[in-house]
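One structure is given here, and the rest of the page talks about it.
The values are calculated or read from the model by the stated rules, or taken from the named source; none is laboratory data. Quick caveat, the model's predicted, so the values are computed rather than measured. With ideal geometry, Cβ positions are generated from the backbone for all residues, glycine too; neighbour counts draw on all protein chains shown.
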Amino acid sequence: MNQDELKALVGKKAVDWVFDNMTVGLGTGSTVKYMVEALAEKIKKEKLSITGVVTSEETAKQATSLGIPLKSVDEVDHIDLTIDGADEISSDFQGIKGGGAALLFEKIVASNSKKNIWIVDQSKLVDNLGKFPLPVEVIPYGSEKVFAKFDSKGLHPTFRLAADGTKLRTDSNNYIIDLHLEQIMNPLKLAEYLKAQVGVVEHGLFLNTVNTVIVGYPSGPKVLE
Ligand code: 5RP
């Protein structure tokens, strides 16, 4: 089984946690795409009444094209469950997200959800966080100063670029600075530091967020709780 097939496996499995009348947060990324597809099929087949709360324009486009009714996070009084992907997950369920530049909305939706499920292929499980560059969303004004501060602190920053070579813009029109850290010894301390920097909107450390992780192995999906 290749990585894509493992992503499809967990994407399909995750909709087992969705029941009638739920409000469901829909994450972003290539694994979530399979889940959204499976969710649309389940809604049709079982005639479910589901409201989706999306975390990006990309997911909004897919969910709308498949007929999933959507509301914004501000239009719902609660979110029962959010299903999202992740870039890295450590054994104590801490994670890095934002590989798809959707970390800000993903964190807003996750932090307003009663339950969070992450769906990943086996390659995303790590001993320590940090091999995957840590995304930090910053407002464009003053971003060179934030970048210089990260650089002088030895955080190895790079601006994320779009396909045309310009600085990538997020759905909120911000920039992403990726920190190439290799290993994050103290995620909590780093998260606190990043949050305290003026100009930083959000970072991709998702700490104490997830309740259930569904991991794709060639032998089948494994549920970790
Ligand atoms: C987007 C994310 C994604 O969930 C994460 O990058 C995983 O993506 P994929 O399922 O494509 O590997 O955080 O901002």
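Report yes if GLY99 is within 8 Å of the ligand (Cβ to nearest atom) and in the same structural domain as ASP16 (by the TED database), otherwise no. For GLY99, the condition - within 8 Å of the ligand (Cβ to nearest atom) and in the same structural domain as ASP16 (by the TED database) - is met.
Of the residues ILE79, ILE43, the single one that is over 30 Å from LEU129 (Cα atoms), of a type in the set (Val, Ile, Thr) and not assigned by the TED database to the domain that holds GLU182 is ILE43. Yes or no: region 186-203 includes at least one residue that is closer than 29 Å to ASN2 by Cα and outside the structural domain of ALA8 (by the TED database). There is no residue in region 186-203 that is closer than 29 Å to ASN2 by Cα and outside the structural domain of ALA8 (by the TED database). Taking SER49, is it among the small types (Gly, Ala, Ser) and touching a helix residue (DSSP H, G or I) at 6+ places or on another chain (Cβ under 7 Å)? So SER49 does not fit the description; no.
Within region 24-40, not a single residue is part of a loop (DSSP other than H, G, I, E, B), in contact with a Leu (Cβ under 7 Å, 6 or more places away or on another chain) and either within 19 Å of SER113 (Cα to Cα) or within 16 Å of the ligand (Cβ to nearest atom) (or both).
Rundown of residues vs (1) away from the ligand (no atom under 12 Å from the Cβ); (2) within 30 Å of HIS180 (Cα to Cα); (3) charged (D, E, K, R); (4) touching a residue at least 40 places away in the same chain (Cβ under 8 Å), yes/no style:
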| residue | (1), (2), (3), (4) |
| --- | --- |
| LYS12 | yes, no, yes, no |
| VAL53 | yes, no, no, yes |
| ALA63 | yes, no, no, no |
| ILE79 | yes, no, no, yes |
| GLN94 | yes, yes, no, yes |
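Scanning region 114-127 finds one or more residues that are touching a strand residue (DSSP E or B) at 6+ places or on another chain (Cβ under 6 Å), away from the ligand (no atom under 14 Å from the Cβ) and at pLDDT 95 or above.
In the set TYR217, TYR193, which member is hydroxyl-bearing (Ser, Thr, Tyr), touching a residue at least 12 places away in the same chain (Cβ under 8 Å) and out of contact with any Pro (no Cβ under 9 Å at 6 or more places or on another chain)? Steps first, please.
Details: TYR193 fails: touching a residue at least 12 places away in the same chain (Cβ under 8 Å).
Of the residues listed, the single one that is hydroxyl-bearing (Ser, Thr, Tyr), touching a residue at least 12 places away in the same chain (Cβ under 8 Å) and out of contact with any Pro (no Cβ under 9 Å at 6 or more places or on another chain) is TYR217.
All told, LEU48 falls short of being buried (at least 21 other Cβ atoms within 10 Å of the Cβ) and either under 18 Å from LYS97 (Cβ atoms) or not acidic (Asp, Glu) (or both).
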